[in-house]
Amino acid sequence: MKLIYTLLFFTLTIMFASSEDTTLTIGDSVPSVVALDHDNNEFDFKANLSEKVSVVFFYPKAHTPGCTLQACSMRDSFSELNEKGIQVIGVSSDRPDSQKSFKDKYSLPYTLISDKGGVVAKAFGKGKWSRQAYIFSEGKLIWKDTKGATSKQGDEAKAALASFDLF
């Protein structure tokens with residue numbers, strides 16, 4: 001029984017742990033990965049993030065309390081970010097239809113990406129269930145948060161952007 005608990009502990013630790021050591025590093029290029037958005041259209045990260053300042057945030061699961069707080073925090077900051085030409089992208093392991101209903105239910109004004117197969121998480125070097133955020137400028141990573149906030153994600157992104165004189 002002790003062995004079962006030990007294995008369960010290590011499995012959960014690996015699933016929920018931040019992958020700080022494997023995530024993109026400052027100065028890395030936008031990953032070359034394509035996934036479906038909330039409307040079932042292909043979204044090419046490299047093509048869409050190379051010329052704009054972009055905030056990409058990962059949340060584990062749409063329609064859950066913490067992820068809803070995180071997504072709504074970014075929604076509440078969106079108009080200020082958008083005025084500065086900053087693009088916002090949300091990513092989770094949900095299917096496109098679930099992303100669409102999440103977007104509609106909470107009036108999320110930005111693109112949501114479906115990473116059901118985990119290819120985006122892998123390209124970013126992050127764990128499937130970790131909450132993280134990244135800022136890219138001119139196709140290069142300039143900031144990352146591997147602990148990801150819930151209700152303060154939008155404020156943290158704006159503060160990071162301000163520290164680079166981008167906000």
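For the chain, which span is the longest to avoid every loop-located (per DSSP) member of GluC sites (Glu not before Pro) having at most 16 other Cβ atoms inside 10 Å? Write out the running numbers ahead of the final one.
Working: sites that count: GLU20, GLU51, GLU138.
No qualifying site falls inside 52-137, the longest such stretch.
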### Task
First compute the accessible area of the chain with a 1.4 Å probe, then give the percent of it belonging to carbon and sulfur atoms.
55 percent
### Task
Mind listing the long-range amide H neighbours of VAL33? Cut-off is under 5 Å, sequence gap 5 or more, other chains count too, H placed in the peptide plane at 1.01 Å from N.
PHE45, LYS46
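In debye to the nearest 20, how big a dipole does the stretch 122-167 give about its Cα centre with +1 on each Lys and Arg Cβ and -1 on each Asp and Glu Cβ? If you can, show how the numbers build up before the last one.
Working: 9 positive and 5 negative charges, 77 e Å.
Using Cβ point charges on Lys, Arg, Asp and Glu, the stretch 122-167 gives about 380 debye.
Of the cross-linked pairs LYS46/LYS105; LYS84/LYS128; LYS105/LYS144; LYS100/LYS140; LYS52/LYS126, which ones have a Cα-Cα span greater than 26 Å in the structure shown?
Working: LYS46/LYS105 29 Å; LYS84/LYS128 31 Å; LYS105/LYS144 28 Å; LYS100/LYS140 28 Å; LYS52/LYS126 23 Å.
Going by Cα-Cα distance, LYS46/LYS105; LYS84/LYS128; LYS105/LYS144; LYS100/LYS140 fall outside the 26 Å limit.
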### Query
For Cα Rg over 2.2 N^0.38 Å, the choices are (i) 0.98; (ii) 1.02; (iii) 1.06; which was calculated from the structure?
(ii)
### Task
Quick one: accessible surface of TRP143, probe radius 1.4 Å, all protein chains present, in square angstrom to the nearest 10.
50 Å²
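Helix-only estimate, please: 222 nm mean residue ellipticity of the chain, summing -39500 (n - 2.57) across DSSP H runs of length 4 or more and dividing by its residues, to the nearest 500. If you can, show how the numbers build up before the last one.
Details: 6 runs with 66 residues, N = 167.
The per-residue figure over the chain is -12000 deg cm²/dmol.
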### Query
Which Cα, out of LEU108, GLY148, SER79, lies furthest along the positive dipole direction of the stretch 65-167 (beta carbon charges, K/R +1, D/E -1)?
GLY148
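The values are calculated or read from the model by the stated rules, or taken from the named source; none is laboratory data. These numbers come from a predicted model, not from an experiment. Don't worry about glycine lacking a Cβ; one is built from the backbone with ideal geometry, like all the others, and counts go over all protein chains shown. In case anyone asks, the SASA skips ligands and DNA or RNA and just uses the protein heavy atoms, side chains included. Shrake-Rupley method; radii C 1.70, N 1.55, O 1.52, S 1.80 Å.
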